[in-house]
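Asker: Structure provided below as structure tokens; questions to follow.
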Amino acid sequence: MASSRGSSKGAKARASAQAARRAEQEQPSQGRGSGQRERPLPARSASEWRSLLWSLFLALAFWCLAIVFYVSLERDPNRILYAAMAALLALLWTVNFSLRLSRRRRR
């Protein structure tokens, strides 16, 4: 008798899961309109500006760090190495910024 109860509960659970799936499938088709996706999303535009500003900030920070390493570490024999590594990172972020800016201008 216990097995018959379990099977009926399982059948009810399967039926309710199938009904929920059908309701989810029918819901998006009702809300489709011709003019819903014409405007760009504002959050995407904000994230593009944020990423553009971050790449600019990092490029400037690494350029300043390269100059500071080269000028202020007078007695350290590795000052040129430190400055060169910071300059390489600055160059990479500068290229990143310029690519993002050119992509932004094309739109």
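Asker: When you go through 54, 93 one by one, which is the residue that is at pLDDT 85 or above, in a helix (DSSP H, G or I) and touching a Ser or Thr at 6+ places or on another chain (Cβ under 9 Å)?
Answerer: The conditions single out 93.
Asker: How about region 72-107: which of its residues are under 27 Å from the mean Cα position of the chain (by Cα), surrounded by 15 or more Cβ atoms within 10 Å (Cβ to Cβ) and aliphatic (A, V, I, L, M)?
Answerer: Those that are under 27 Å from the mean Cα position of the chain (by Cα), surrounded by 15 or more Cβ atoms within 10 Å (Cβ to Cβ) and aliphatic (A, V, I, L, M): 85, 86, 87, 89, 90.
The values are calculated or read from the model by the stated rules, or taken from the named source; none is laboratory data. Source: prediction; values computed, not measured. All Cβ positions, glycine included, derive from the backbone under ideal geometry; neighbour counts span all protein chains shown.
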